């Protein structure tokens, strides 16, 4: 058996002995390189639950939410209260990240506890259907950036691949040719789009398990939120607050998820890719410190997350040396850039894809030759 050289960073502060008992990853066969990587990561205790970390994070996020609500009440008679709407969006995004972690079984020991935690964070606190999100997210993890499987690269507005760009017509065709510059402003509408997709899935019932549970929690969310806006802020300021909040929510959510895969290779429907390359080559890590960790909810370690979806968020940084060395030893390209660099890559990529939407006879030189 070939031994894969794996770095030996310091063990995490939590007990490594918990790994074997609590790891949600089944013991792999030791005959493959990935199985050896998995064994090394498990032996370092990186699959162990981090309950203390998550309880502190949940308490801190809840406290921040309460502080924003209290501040909103204090400023209810002033238009300055609109400055708090982005803060609401940021806090709800943190709840959404916790829902993501629960859905991946990162928080608690049992599937039931994680699922209910994810439903509370997603549906009740954020207003998005857990069942809808799980359906699309499972497909994404199954084959990131693959045509026909990953619905995250299929959009009616943004063209993530040339086939989509070439199919655009009319005004959308013109906008697609310049879509890289439109992408970041379009994030202001991403929050509305997320909620609309969530509601459509609940109404249709397609691919949404326990949709009545999600529907009930979402109804409670919006009933409480809208009642608060009307009674505390009044209809005028309340409507403005909601608009600012939803715009900031879209930027916060879309701004955290877009750098992970947009601009990375698109896989054709018929192409077969092995598990490791499928997860690594189509993912992009974002370098940075605590701010990037907070802003992106740990998803800045997207490569590690895709290789080990149930690894607790705080352990992803410690897993990076293992994964980076593994990729180096096996000749697999490992992509990492800064947050600003990722957006530059996204804009360039989308503009390049958008060229497929242009009329090939719109070039003055071509038009002259035709004449």
Under a point spin-label approximation (7 Å from Cα along Cα-to-Cβ), what is the residue 53-residue 328 distance to one decimal in nm? 2.3 nm
How high is the FRET efficiency between residue 161 and residue 227 when r is their beta carbon distance and R₀ equals 45 Å, given to the nearest 0.05? 0.55
For the pair residue 184 and residue 275, how long in nm is the line joining their label points, each one 7 Å along Cα→Cβ? 3.9 nm
Here the gain from full extension of residue 174 to residue 138, 0.36 nm per residue of separation minus their alpha-carbon distance, amounts to 9.6 nm
For the chain, what does the helix formula give at 222 nm: sum of -39500 (n - 2.57) over DSSP H segments with n ≥ 4, over the residue count, nearest 500 deg cm²/dmol? -18000 deg cm²/dmol
Taking 0.36 nm per residue of sequence separation and subtracting the Cα-Cα distance, how much length would be gained by fully extending the chain between residue 66 and residue 213, in nm to one decimal? 50.4 nm
For a quick size check, give me the Cα extents of the chain along its three principal axes, largest first, whole Å. 68, 63, 38
What is the order of 149, 271, 126, fewest Cβ neighbours within 10 Å to most? 271, 149, 126
Most exposed to least, judged by fewest other Cβ atoms within 10 Å, 132, 55, 290 sort to 290, 55, 132
Cβ-based exposure ranking for 120, 153, in which fewest neighbours within 10 Å come first: 120, 153
Gain upon complete extension [residue 112, residue 196; 0.36 nm per residue less C-alpha separation]: 27.5 nm
So what's the stretch 50-271 giving for Cα Rg divided by 2.2 N^0.38 Å, two decimals? 1.09
Per residue, the convex hull enclosing the alpha carbons of the stretch 108-191 has a volume in Å³ of 121 Å³
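Read-outs: derived from the displayed coordinates by stated rules, not from any lab. A quick note: this is a predicted structure, and the numbers were derived from the prediction, not measured. All Cβ positions, even for glycine, are placed from backbone atoms using ideal geometry, and neighbour counts span all protein chains on display.
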